[in-house]
Amino acid sequence: MKRRHTLTWAAALPALVRPARGQAVAPTVEPWVMHILDAPPFGMLGASGRVAGVMADLGHALAREAGREIDMRLVPIARVLKDVNTGEAGLTILLPVQGLDPGVHALATLARLDVELLPRKGLAISDRRGVRGMRIASLGRGAGMDMMAQLEGAVHQRVNSLPAMVGMLHAGRVDAVVSVKESLRYTMEQGGLRPSDFGTPLVLGRLDLTLFATPSMPLAERQRLAMAANTLTRSGEFARVLARYATAP
């Protein structure tokens, strides 16, 4: 092609790609930003270095159903609360927790998780009355603290990590531990333990795993996410995600 022809095409190119008069330009849609709590198995780094875990899997399912990308970031609980309150993050998924501003929107319950009391092997606990005089461990800021407080006559011991807590139970240093079922099963698997290494768990109650949106998120976006969550709940997709984390080998 001669030089003058090249220049002619270069000059004409903007007109070719420019939308016609009156034609709307499609806006670039930014991904939603979701903060994932750094607490395995609910939030953790996977083998590829990407955010993984229960909440990440739920977030990926929501993104597919809602037809919009979700940028997931693994952060500690204090930053989850601060950034959702202020709008630095648009979304998060949490169990009941103090620290969310009243304006934060609860969009949908994604799952209901069992809080278990897991006894040491050989110890049978049939109901709450059977814990009198027993030493029971839990995380200092773990789920189910209100349920722990209702166990009359038990000696409560707070620990800093789930692996330490399950290790104490396996070694017989405490009589039982309390945490969310998925957390206990994941910790067993990571430690090379099996449910048969412990007693039969007693379910103390259930907690809602809820999708929250920052106060400034537009109503249309909140409705879109709520509809996607309801569809995935009815289809059983969320239940299948939880089932992958609720068993140990």
Legend entry - Estimated FRET transfer efficiency when R0 is 35 angstrom, pair Arg240-Glu152 (beta carbons, to 0.05): 0.40
Inset, instruction - Would you please put 145-153, 34-42 in order of how densely packed they are, using the mean number of other Cβ atoms within 10 angstrom per residue and starting with the highest? - result: 34-42, 145-153
Legend entry - Burial order of peptide ranges 61-67, 50-56, 123-129 (average beta-carbon count within 10 Å, highest first): 50-56, 61-67, 123-129
Inset, instruction - Output the relative contact order of segment 160-249, whole-number percent, from Cα pairs under 8 angstrom with separation of 6+ residues. - result: 40 percent
Legend entry - Beta bridge orientation in the chain: antiparallel %, DSSP, nearest 5: 60 percent
Legend entry - Length-normalised contact order for the chain - Cα pairs under 8 Å, 6+ apart - percent: 25 percent
Legend entry - the chain: proportion of alpha-carbon pairs further apart than 24 angstrom, %: 55 percent
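Computed from the coordinates by the stated procedures, all read-outs in this text should not be read as laboratory data. None of the values given here were measured: they were computed from a predicted structure. When we count neighbours, we look across all protein chains shown, and the Cβ atoms used for this are built from the backbone with ideal geometry, even at glycine.
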